[in-house]
Amino acid sequence: MPLAVLAAPEPVADEPTQGPPPAEPGQKPVGENTRRRSVAGHVVLAVLALFAIFPIYWMYATSVRAPEDVLDTSPLPWPLSFASYEYVWQVLPIGKLLVNTFVVAVCTSIAQLLVALLAAYAFAAWQFRGRGLLYLAVVGAWLVPFQVTMIPNYAFLNELGLLNALAGVVVPTVCSTMAVMLLRQHIQAFPRELLDAARMDGRTSWGTLWTVLVPNLRPALASLSILLFISAWNDYFWPALVLQRTDSVLQIGIRGFLSAEGDNWGAVMAASGIACLPIFVLYLVLQRQVMDAFVRSGLR
Amino acid sequence: MKTLRRYGAGALLAAATLLTTACGGLGSTTAESASSGPVPELEPGQQVEITFESYNLANATWTKTINGLLERFEELHPNITVHGQPPQGGGTAGSNTAASVQSQLMVGKAPDVAQLTFGELDYAVHKLKPKAVEDVAGKEEVQAAFGGEHPIAERARDLAAMDGKVYGMPYVFSTPVLFYNADLFRKAGLDPERPPTTWAQVEEYAHAITKATGADGAYADCLTKVAVDWCMQALVRSNGGTVISGDRKTLTFAEPPAVDAIATFQRMVSSGAMPDLAQSQAMDAMGRGQLGMFLETSALQGTLQAQAEGNWDLRAAPMPSFGEREPVPTNSGSALFIFSEDKAKQRAAWELIKFMTSSEAYTAISSEIGYLPLRTGLVDDPDGLKAWAEQNPLIRPNLEQLERLEPWVSFPGDNYVQIRDLMMQAVENVVFQGKDATSTLTEARNRASELMPAS
């Protein structure tokens, strides 16, 4: 739809509205090519959207099949059955898992956002010796594979007494290099004159950050927070290393239905469906800000 | 998913190995344990807390059974408190149990009792250094624990023994069983009461099923890297081969009997008797009733029963043979090992192991989880599993195979996972990608030999 609007000819002021001149025989009407391109574009987008949505549909469709029909490949699940949800509810401490996962995801994303905001502010708005080198070190840390750091982190957590605790999942992940890099980009694009004006008005660096910068970064912070939350919500391996208990986080609970002795797909899909719901709700709430941030990032 | 699971476990193991190597190993306590003799029984009222690491606790469905048994143990031993925990990485297949224990050993928090798979036995004994149950409890007490009203199957007793010493107690395992769809048999004009007994018959029946029904014929879940090597070893041994020599110094999976066994399945794939499917695809095909025969761990029985119920007729038969040779089933599964340094905890750990391998525990484990009862007499005991066994005739082939059981052999050294992966990747390439069996397995054997420990 936006393609058609952008490509539409602008009306000329004071010109009588007569409509387009009649097309010569064999000549294509004005705008037909644009419309065709628009339709083709929408068809492509619709197909891509279907590709994206279909796995989610299949997850919920499988979750509401009767246990004996769970491997059925018919597109519509019938008769509907919520036996898989009942089973998941009986077997897993789903309430505890949801709360634990929520606590871990909220704490991780808030901590990462805060650390990233402060670090990005320093890297983008401050001039200090070794800034480039320090930033390079931060970016370089991103390139170190998780497998290299997990055992040292594990040993460190043991020293802190945080093994088997939710805090142990959060503490080693409070710095997200991706978040630092993204926010640095946004702050660098922020008009320098506004920061200088705030300083001339007598605002401290701390005050400038919270009263000038942060209000203008809201869309970026919203989109980043949802990305960080989703990443923390979906994290499996690190919690599985730290939390050796049956009431850990939801992703590990889901994994409990997959085993060498057979995969319980109905339960996997029901538990996954439950795990997805908070993410959907979060996205719906922050949808406007997320779209704003992505559009701005794309146009810049 | 299974591949991801394996990569995760592999990464964990690799990192843990690296660190232990850098730190000069985990230290030896075996000699001290051996020299000190059996650990005395706990004093009445002596309070002890121990941890029990079990991959069964990572399975959502089984947690209730295992936790129920731990509660029962605490009732019987009020002075011992047991904290059950799943292994790190959340693996339910036991693929990362050694890595989990290893990383906990490094920070001085090894579980007091751990469930480790037999495929990790060599590495566990020589690198993780558990306290041998023989040293903790004494040989007589271990032999007494094997016995009782319903003794543990003779062939299962030494599965966790190495260098002549019993390190762990065999806990839960299964053998390869030929599950088959009796409905497809009938549609193909085959008699479901007479399942195939040789691989040649399996191939013949598979063609008949595919021709009559359009369903896939037969699949052996033993020939891919994901399947690990326990069942592949059964196929090789059934054809008179081995994967490693008796002195554990030479890899033998490229010798003619092994090559012939693998080539048999290559021919089945090329003739269309066996579909070119991944492990999970074959499991789903069987569950949907679109696969005629499926050589698979007997532990899958419960899942298959649930999928077949009301849809198709599930049956089970012993694993087929190569011609006139008697088939040699191997075991999957695990044993229980003690890692406590503290003597009181060692004793408490042994008490827990005795209980978890008792008739009472196997009655619950077999009836609620579906594992093979190692105390086979329970299936004839009205107070044990008699009623359950009568309701579950599928377990019979599995029990019969116990009499011919040969152990799943673990590879030696730090590189045991890489050796196994090289071998299984070569097998997969031969069977499903049509590579030349002799040259592919020989090349893998040569590369894997370089990873064997220096003798």
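The values are calculated or read from the model by the stated rules, or taken from the named source; none is laboratory data. None of the values given here were measured: they were computed from a predicted structure. As a convention, Cβ positions derive from the backbone with ideal geometry for all residues, glycine included, and neighbour counts pool all protein chains shown.
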Restricting to region B:144-189, give me the number of residues that are in a strand (DSSP E or B) and either without any contact (Cβ under 8 Å) to a residue 40 or more places away in the chain or not β-branched (Val, Ile, Thr) (or both).
12
May I ask you to list the residues in region B:302-323 that are modelled with pLDDT of 95 or more, buried (at least 23 other Cβ atoms within 10 Å of the Cβ) and not hydrophobic (A, V, I, L, M, F, W, C)?
B:PRO320
From the set of residues in region B:251-276 that are assigned to a helix (DSSP H, G or I) and charged (D, E, K, R), which is surrounded by the most Cβ atoms within 10 Å (Cβ to Cβ)?
B:ASP260
For B:GLN266: the one exception among (1) at the interface with chain A (Cβ under 10 Å from one of its Cβ atoms); (2) in contact with a helix residue (DSSP H, G or I) (Cβ under 9 Å, 6 or more places away or on another chain)
(1)
When you scan region B:277-301, how many residues do you find that are crowded, with 19+ Cβ neighbours inside 10 Å, under 19 Å from the mean Cα position of the chain (by Cα) and not aliphatic (A, V, I, L, M)?
6
Would you confirm, using the coordinates I've provided, whether A:TRP238 is more than 10 Å from chain B (Cβ to nearest Cβ), closer than 18 Å to A:ALA167 by Cβ and either part of a helix (DSSP H, G or I) or free of Cβ contacts under 8 Å to residues at least 24 places away in the same chain (or both)?
yes
Quick test for you: out of B:ALA299, B:ALA282, pick the one residue that is facing another protein chain (nearest Cβ under 10 Å) and in contact with a Leu (Cβ under 9 Å, 6 or more places away or on another chain).
B:ALA299
The condition from (1) over 20 Å from B:SER54 (Cα atoms); (2) in the same structural domain as B:PRO256 (by TED's automatic domain parsing) that B:THR297 misses is numbered (1)
I want to confirm something. Restricting to region A:121-176 and keeping residues that are closer than 17 Å to B:GLY89 by Cβ and among the aromatic types (Phe, Trp, Tyr), which single residue is farthest from the other protein chains (Cβ to nearest Cβ)?
A:PHE146
Please go through region B:302-347 and give me each residue that is more than 14 Å from chain A (Cβ to nearest Cβ), more than 23 Å from B:ARG194 (Cα to Cα) and not basic (Lys, Arg), ordered by number.
B:THR330, B:ALA335, B:LEU336, B:PHE337, B:ILE338, B:PHE339, B:SER340, B:GLU341, B:ASP342, B:ALA344, B:GLN346
Can you tell me which of (1) within 28 Å of B:THR297 (Cα to Cα); (2) surrounded by fewer than 20 Cβ atoms within 10 Å (Cβ to Cβ); (3) away from every other protein chain (no Cβ under 12 Å) is the one A:ARG245 doesn't meet?
(3)
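For every residue, the table says whether it meets (1) surrounded by fewer than 24 Cβ atoms within 10 Å (Cβ to Cβ); (2) among the hydrophobic types (A, V, I, L, M, F, W, C); (3) over 26 Å from A:LEU250 (Cβ atoms).
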residue: B:PRO111; (1), (2), (3): no, no, no
residue: B:ASP122; (1), (2), (3): yes, no, yes
residue: B:VAL125; (1), (2), (3): yes, yes, yes
residue: B:LYS129; (1), (2), (3): yes, no, yes
residue: B:VAL133; (1), (2), (3): no, yes, yes
residue: B:GLY164; (1), (2), (3): yes, no, yes
Going by the structure shown, is B:PRO373 touching a helix residue (DSSP H, G or I) at 6+ places or on another chain (Cβ under 9 Å) and not in a helix (DSSP H, G or I)?
yes
A careful count of residues in region B:94-119 that are within 9 Å of another protein chain (Cβ to nearest Cβ) and under 18 Å from the mean Cα position of the chain (by Cα) gives 3
Given the conditions (1) over 30 Å from B:ALA110 (Cα atoms); (2) over 15 Å from the mean Cα position of the chain (by Cα), every one holds for A:PRO219 apart from (2)
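Condition check ((1) assigned to a helix (DSSP H, G or I); (2) modelled with pLDDT under 95) across all residues:
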| site | (1), (2) |
| --- | --- |
| B:PHE52 | no, no |
| B:ASN56 | yes, yes |
| B:LEU70 | yes, no |
| B:PHE73 | yes, no |
| B:VAL82 | no, no |
| B:SER100 | yes, yes |
| B:SER103 | yes, yes |
| B:GLY108 | no, yes |
| B:ALA114 | no, no |
Among the residues of region A:240-247, is any of a type in the set (A, V, I, L, M, F, W, C) and modelled with pLDDT under 90?
no
Considering only residues of region B:212-250 that are over 21 Å from the mean Cα position of the chain (by Cα) and outside any loop (DSSP other than H, G, I, E, B), which is farthest from B:ALA188 (Cα to Cα)?
B:ALA218
For region A:146-173, which residues satisfy the criterion of being among the aliphatic types (A, V, I, L, M) and either in a helix (DSSP H, G or I) or modelled with pLDDT under 90 (or both)?
A:VAL148, A:MET150, A:ILE151, A:ALA155, A:LEU157, A:LEU160, A:LEU166, A:ALA167, A:VAL169, A:VAL170, A:VAL171
